[in-house]
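Bear in mind these aren't lab numbers, they're just calculated from the coordinates by the rules spelled out. Note that this is a predicted model, so its numbers are computed, not measured. Glycine also receives a Cβ, built like all others from the backbone with ideal geometry; neighbour counts cover every protein chain displayed.
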Amino acid sequence: MEKATILIIEDEPTINRIVSNYFLKERYKVLSALDGFKGLQLFSKNRVDLICLDIMMPNINGWDVVKIIRETSNIPIIMMSALSEEEDILKGYSLKVDDYITKPFNPKILVAKVNNLLDRLNNPDPSNQTSGILEVKGIKMNLDTHRVYIDKLEVELSKTEYDLLKYFLEHQGKICSRNLLLDEVWGIDVYVEDRIVDTYVKKLRKYLGTNSYFIKTVFGVGYRFETLDE
């Protein structure tokens, strides 16, 4: 049985071919492009379920591809790049990518990330489904429409940002280690570096603005979401 359609946008032919072959072995349908312009063409003309995207490419770079796609779509995007500095990774997440993997990487890990992300999107855990509104001191999450409002202003969150905020709100006062958050939000089947948690917490704090102190750092352990002043 054929799985979802993955769009690979990578200008290095060897990497493109290797990554594509790994997804084909997992029975995914694969579309591939060697530059950003061709990638956008394929995206506009085909049903695509997830995009794996390089950054440094001819014609249109990966940053601009993400910006264009995010104007109309919340499709899952995983960036795969040799740019490994924190500022590059943060830039990726600021553009609402769902994950960022640095080169060189094991294609098996990329496939595992895609498997996990699509599985959570397509097969949500019924025990975690709660109809209605989740609201805590100016933070309002509509669990049916996945819309989020902070101080009555709607903010656009990536799926992982949404899942992390939802977990915090549903577990107020609980000390959450980074490993716990990785297991509960990213999934136990995929390897993700610990610093990814810190990156997402920084993003959520920015969204919360004057209420950023709700996410408290428990030094040496992780984080605790608490709306009561200490």
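Data for the structure
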| read-out | value |
| --- | --- |
| Dipole in debye (nearest 20) - the chain, about Cα centre, beta carbon charges: Lys, Arg +1; Asp, Glu -1 | 340 debye |
| Which of Val155, Val218 has the fewest Cβ neighbours within 10 Å, and the rest in rising order | Val218, Val155 |
| Within the range 13-171, percent of DSSP bridges classed antiparallel, to nearest 5 | 60 percent |
| The range 55-163: proportion of alpha-carbon pairs further apart than 17 angstrom, % | 62 percent |
| Trypsin sites (Lys or Arg not before Pro) lying in DSSP loop within the range 1-75, provided at most 13 other Cβ fall within 10 Å | Arg27, Arg47 |
| 19 Å Cα cut-off, lysine pairs counted over the range 1-103 (separation 8 or more, or different chains) | 10 |
| Tensor-based shape of the range 126-225 (alpha-carbon gyration tensor, a/c under 1.5 rounded, otherwise prolate or oblate) | oblate |
| Value of D in µm² per second that Stokes-Einstein yields for the range 1-113, Kirkwood Rh from Cα pairs, at 37 °C (0.692 mPa s) | 237 µm²/s |
